[in-house]
Each structure stands twice: as C-alpha cells, then as structure tokens.
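K.L.:
Sharing a structure, written as structure tokens. Questions coming.
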Amino acid sequence: MVLDVTGPPQTPARIPRVLREGGWLAWTYLPTLIGLNVLWIAGALTIVLLGPMTVAAYGHLAALRDDTPPPWRSLGKRLRASLWPGTLWSVFVGVYAYVAWANVTFWPRVLGHEGAAQLGVDVVWLLWGYLTWVVTALQPYLLDALAARGLPFGRALRAAAVDVIRRPVAAHAFVLIPLALSVIGRSFRTPGLLVLVTLLLTLAAVHVRPVTVREPPVDESTEAAP
C-alpha cells in the first residue's frame with residue numbers, strides 16, 4: 001500500500017506542499033543530495049554530460065520520492081541510459097535559450113527605442129519573457145517523463161505540455177522556486193552550491209508527484225503470536 005506523505009506532523013499546513021514535502025525529503029536524504037550535486041557539477045564541467053547528468057540525477061531523486069531508494073552503483077547505469085534523452089534535453093534548452101536571446105537582442109536594434117517603436121520592443125520582451133516562464137514551468141514534467149517514466153523525448157515533451165495545460169496555476173507558480181533559489185544562491189559561497197541544484201531537482205520531483213512511503217511488510221509471525 002502506498003500512502004501520501006504531507007511532511008512532518010509539526011509542519012504548518014499553510015506552507016505549500018512542494019516546500020513541505022520537498023524540504024522533508026531533502027533533509028532526510030541530505031548526504032545523497034550533496035553527493036549527487038558534486039557529481040552533477042563534475043558532469044556539468046564537461047558540457048557534454050550536463051544534460052545526461054541532470055536527467056540521471058532527477059531519476060535518482062524521483063526514486064527517493066517514490067520510496068524506492070536506489071543503490072549508488074545504479075547511478076552509472078542510469079547515466080548511461082540518460083545519455084541520449086539527456087543530450088536531447090540539453091539541446092532543447094540550449095536552442096530555446098539561444099532563440100530567445102537572439103530575439104530580445106535583434107528586434108530592439110531593428111525597431112529602435114523612439115516613440116511607438118518602444119511599444120514594439122516592450123511587446124517582444126513581454127512575449128519572450130512569458131515564453132521563458134512557460135518553458136521553465138515545463139521542465140519538471142519533462143524531466144519526470146524522461147527520467148521516471150522513460151518516455152522518448154518527443155513523447156515526453158508532449159506529455160509535459162499536456163501536464164502544464166492541465167495544471168496551469170501550479171505549473172506557473174513553480175517557476176518562483178528556481179527564481180528564489182537563484183537569488184539565494186548568489187549569496188552562498190561554495191558550501192551552499194554543493195546542494196543547490198539537487199535541491200531544485202528534488203522540489204521539481206515533488207512538484208510533479210507527492211512524496212510516498214510504503215508501509216513495512218507485516219510480520220506474520222508476530223501477528224500469529226497469542
């Protein structure tokens with residue numbers, strides 16, 4: 001039987017579920033988060049492994065969310081399985097970032113900043129700002145579809161888009177978390193950065209699906225005792 005967990009009993013219910021459950025999960029598996037974050041940094045430095053390591057780390061954290069803690073030795077297998085979908089994920093994010101940057105730099109030069117032209121520049125910024133917000137909101141669902149559900153990239157992208165459409169308010173609100181962490185991260189030195197990425201991935205995993213715990217198996221010998 002699988003039970004939904006709402007966090008420690010003492011936690012105020014007014015705290016959003018993602019922060020409540022995500023904070024509990026991160027604290028429970030803090031050494032794992034730190035170790036994964038160090039490995040993620042090592043992979044990110046190669047550039048090539050940035051996407052695969054992100055997908056692999058998310059999959060490991062999603063397994064913790066679902067109360068199926070994987071052994072550390074499985075991370076290598078998970079990383080190999082994530083090479084292709086992780087690369088496609090990083091290409092998708094990189095291409096979008098380039099297209100967005102190109103538009104917000106090209107159109108202001110063409111339109112100028114005088115009179116009515118400024119309105120056009122503002123529209124460009126608003127359009128790409130909102131598109132960036134939506135693409136960011138898409139990421140938890142996309143990573144979950146790739147890492148936890150094992151869908152091919154095309155199907156994962158479509159499934160993620162459907163999830164955002166079904167949960168527009170929650171999906172849009174999640175973007176506030178990476179924004180807040182990016183602001184907090186600037187005030188941290190190296191120790192804080194050792195957990196920042198995996199903390200964000202943990203919150204993303206809990207955002208997609210609640211934390212669950214499995215009831216321990218019933219000891220039949222104990223039940224049979226008089």
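The values are calculated or read from the model by the stated rules, or taken from the named source; none is laboratory data. Keep in mind the model is a prediction, meaning the values are calculated, not measured. Using ideal geometry, Cβ is built from the backbone for each residue, glycine included, and neighbour counts are taken over all protein chains shown. Just so you know, the surface numbers come from the protein's heavy atoms only, side chains and all, with ligands and any DNA or RNA stripped out. Shrake-Rupley method; radii C 1.70, N 1.55, O 1.52, S 1.80 Å.
K.L.:
Assuming R0 = 30 Å, what is the FRET efficiency of residue 169 and residue 125, from their Cβ-Cβ distance, to the nearest 0.05? Can you show the working numbers first?
P.N.:
Working: r = 24 Å, r/R0 = 0.79.
The calculated FRET efficiency here is 0.80.
K.L.:
Using a 1.4 Å probe, how large is the accessible area of residue 67, given in Å² and rounded to the nearest 10?
P.N.:
Looks like 40 Å² after rounding.
K.L.:
In the stretch 60-118, what trypsin sites (Lys or Arg not before Pro) fall in a loop by DSSP, with at most 15 other Cβ atoms inside 10 Å? List each step's numbers first, then the result.
P.N.:
On the way: sites: 65, 73, 77, 78, 80, 109; in loops: 73.
Qualifying residues, ordered by number: 73.
K.L.:
For an R0 of 35 angstrom, estimate the FRET efficiency from the Cβ-Cβ distance between residue 158 and residue 184 and round to the nearest 0.05. Each step should come with its number before you reach the end.
P.N.:
Numbers: r = 33 Å, r/R0 = 0.95.
According to the calculation, E is roughly 0.60.
K.L.:
Okay, next question. Along Cα→Cβ, 7 Å out, is where each label goes; now give me the distance between the ones at residue 30 and residue 47 in nm to one decimal.
P.N.:
Each label point is offset 7 Å from its Cα along the Cβ direction, giving 3.6 nm.
K.L.:
Once R0 is set to 25 Å, what does the formula 1/(1 + (r/R0)^6) return for the Cβ-Cβ distance between residue 133 and residue 72, expressed as a FRET efficiency to the nearest 0.05?
P.N.:
Details: r = 36 Å, r/R0 = 1.42.
Working from the Cβ atoms, E equals 0.10.
K.L.:
Hey, another quick one. Compute the relative contact order of the stretch 33-163 as a whole-number percentage, counting only Cα pairs closer than 8 Å that sit 6 or more residues apart in sequence. Don't skip to the end; give the middle numbers.
P.N.:
On the way: 106 pairs, mean separation 31.3, N = 131.
Taking the mean separation of contacting Cα pairs over the length of the stretch 33-163, I get 24 percent.
K.L.:
Oh, and also: Local charge sum around residue 202 (other residues, Cβ-Cβ under 15 Å, Lys/Arg +1, Asp/Glu -1)? Walk me through the intermediate numbers first.
P.N.:
Details: positive: 17, 20, 65, 209; negative: 21, 66, 67, 144.
Counting the neighbours of residue 202, the net charge comes to 0.
K.L.:
Something else: Tell me the carbon and sulfur percent of the accessible area for the chain, rounded to whole percent, probe radius 1.4 Å. If you can, show how the numbers build up before the last one.
P.N.:
Numbers: 9240 of 13210 Å².
Carbon-and-sulfur percentage of accessible area, whole number: 70.
K.L.:
Next up: Between (i) 88, 40, 39; (ii) 57, 39, 28; (iii) 58, 38, 37, which entry matches Cα extents along the principal axes in Å as derived from the coordinates of this structure?
P.N.:
(i)
K.L.:
Using Cα atoms only, what is the angle between the long axis of helix 190-208 and the major principal axis of the chain, expressed in degrees (0 to 90) to the nearest 10?
P.N.:
80 degrees
K.L.:
Kirkwood Rh over alpha-carbon pairs of the stretch 30-162, then Stokes-Einstein at 20 °C and 1.002 mPa s: what D in µm² s⁻¹, rounded to an integer? Don't skip to the answer; put the middle values down first.
P.N.:
On the way: Rh = 16.5 Å.
The diffusion coefficient I find is 130 µm²/s.
K.L.:
Just to confirm the number: angle between the C-alpha axis of helix 176-186 and the first principal axis of the chain, 0 to 90 degrees, nearest 10?
P.N.:
Helix 176-186 sits at roughly 80 degrees to that axis.
K.L.:
Sticking with this one: If you line up the long axis of helix 153-166 against the longest principal axis of the chain, both from Cα atoms, how many degrees apart are they, to the nearest 10?
P.N.:
90 degrees
K.L.:
Follow-up question, since we're still on this one. For the ranges 130-141, 194-205, 174-185, what's the packing order if you count other beta-carbon atoms within 10 Å of each residue, average per peptide, and put the highest first?
P.N.:
194-205, 130-141, 174-185
K.L.:
To the nearest 20 debye, what charge dipole does the stretch 50-141 have about its Cα centre, counting +1 at the Cβ of each Lys and Arg and -1 at the Cβ of each Asp and Glu? Working shown, then result.
P.N.:
Numbers: 6 positive and 4 negative charges, 112 e Å.
Using only the charged Cβ atoms, the result is roughly 540 debye.
K.L.:
Also: Could you tell me which residue out of 179, 56, 116 lies farthest along the dipole of the chain toward its positive end? Charges go on the beta carbon: Lys and Arg +1, Asp and Glu -1, centred on the Cα centre.
P.N.:
Positive-end residue among those listed: 116.
K.L.:
Could you check the spin-label model distance between residue 80 and residue 118? Points 7 Å from the Cα along Cα→Cβ, value in nm.
P.N.:
6.0 nm
K.L.:
Give me the 1.4 Å probe accessible area per residue for the chain, excluding ligands and nucleic acids, in Å². Provide the component values of the computation, followed by the final result.
P.N.:
Values: 13210 Å² over 226 residues.
Here the per-residue accessible area is 58 Å².
K.L.:
Okay, moving on. By the scheme Lys and Arg +1, Asp and Glu -1, what is the net charge of all other residues having a beta-carbon under 15 Å from that of residue 170?
P.N.:
Residues close to residue 170 contribute a combined charge of +2.
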